[in-house]
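See below for the structure under consideration.
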């Protein structure tokens, strides 16, 4: 996966500061500034930290742009901070209600931004390329225009907290195929089958759509074509799920 370089720390003002560095080439390729956290301040009805202020500067010697965003401090811990997802991860009904209302409210909003999962702008061409690389000629990966909605675009367990549900790190948010967020969370839950089943049940309205199935297959395809994941337990699980998704999408 191609992740950006960032770090964060608590301030003496009781807030959180996140510092990120991006190459000018990446900014130019995406056609949008790295202001995702600031832009997310306009999204409502979502359990996310409040954005306060930011500063950015150009490091001409390295052809990069640095940015620091100050946001509300969230004291609840990420569900997964490092290592594998815990098999005993459990969440209250209130937690799931907060997640569901946040994602449903997000999908109803408007944005001119385009989502950048794994820092790569999501387009029809990208989805088609990734799926065809893993499953050449097996699936029509076309996503209709009305199936593109605002998404967080990095909804994994490192960006969700517990026991209170907060959704962190909004730098990648923007328009994406419906089901991207649900599929991201589902794929990151496969090593804990009961949790993957709960994610599917809670977000079935997205995952059962054709677009949702394509987003799930998109994630499976990226795992199956990643040489670093070849020996990971997730690879076998992704292959199994992908076979069912391909069969469903061929009907």
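Of the conditions (1) over 19 Å from the mean Cα position of the chain (by Cα); (2) modelled with pLDDT of 95 or more, residue 57 fails just one. Which one is it?
Condition (2) is where residue 57 drops out.
Go through segment 142-157 and count every residue that is surrounded by fewer than 17 Cβ atoms within 10 Å (Cβ to Cβ) and at pLDDT 95 or above.
1
Output yes when any residue across segment 193-209 is surrounded by 21 or more Cβ atoms within 10 Å (Cβ to Cβ), assigned by TED's automatic domain parsing to the domain that holds residue 96, within 17 Å of residue 122 (Cα to Cα) and out of contact with any strand residue (DSSP E or B) (no Cβ under 6 Å at 6 or more places or on another chain), and no when none is.
Checked segment 193-209: no residue is surrounded by 21 or more Cβ atoms within 10 Å (Cβ to Cβ), assigned by TED's automatic domain parsing to the domain that holds residue 96, within 17 Å of residue 122 (Cα to Cα) and out of contact with any strand residue (DSSP E or B) (no Cβ under 6 Å at 6 or more places or on another chain).
Within segment 164-176, is there a residue that is modelled with pLDDT of 95 or more and surrounded by fewer than 19 Cβ atoms within 10 Å (Cβ to Cβ)?
For segment 164-176, residues modelled with pLDDT of 95 or more and surrounded by fewer than 19 Cβ atoms within 10 Å (Cβ to Cβ): present.
Grab the helices (runs of 4 or more DSSP H) fully contained in segment 1-117, keeping just those with 1 or more residues being closer than 30 Å to residue 202 by Cβ and in contact with a helix residue (DSSP H, G or I) (Cβ under 6 Å, 6 or more places away or on another chain).
Per the criteria, 93-107.
Please indicate, with yes or no, whether at least one residue in segment 111-126 is within 18 Å of residue 185 (Cβ to Cβ), in contact with a strand residue (DSSP E or B) (Cβ under 9 Å, 6 or more places away or on another chain), surrounded by fewer than 19 Cβ atoms within 10 Å (Cβ to Cβ) and modelled with pLDDT of 95 or more.
no
Condition test on residue 56, is it surrounded by 11 or more Cβ atoms within 10 Å (Cβ to Cβ) and not assigned by TED's automatic domain parsing to the domain that holds residue 174?
yes
Being touching a residue at least 24 places away in the same chain (Cβ under 8 Å) and within 25 Å of residue 120 (Cα to Cα): is that true of residue 74 here?
No: the conditions fail for residue 74.
Among (1) closer than 27 Å to residue 46 by Cα; (2) touching a residue at least 60 places away in the same chain (Cβ under 8 Å); (3) assigned to a helix (DSSP H, G or I), where does residue 161 come up short?
(3)
Quick check on segment 198-215. Is at least one of its residues part of a loop (DSSP other than H, G, I, E, B) and in contact (Cβ under 8 Å) with a residue 12 or more places away in the chain?
Looking through segment 198-215, at least one residue is part of a loop (DSSP other than H, G, I, E, B) and in contact (Cβ under 8 Å) with a residue 12 or more places away in the chain.
The values are calculated or read from the model by the stated rules, or taken from the named source; none is laboratory data. Just so it is clear, the structure is predicted and the values come from calculations on it, not from any experiment. Neighbour counts run over all protein chains shown; Cβ positions are idealised from the backbone, glycine included.
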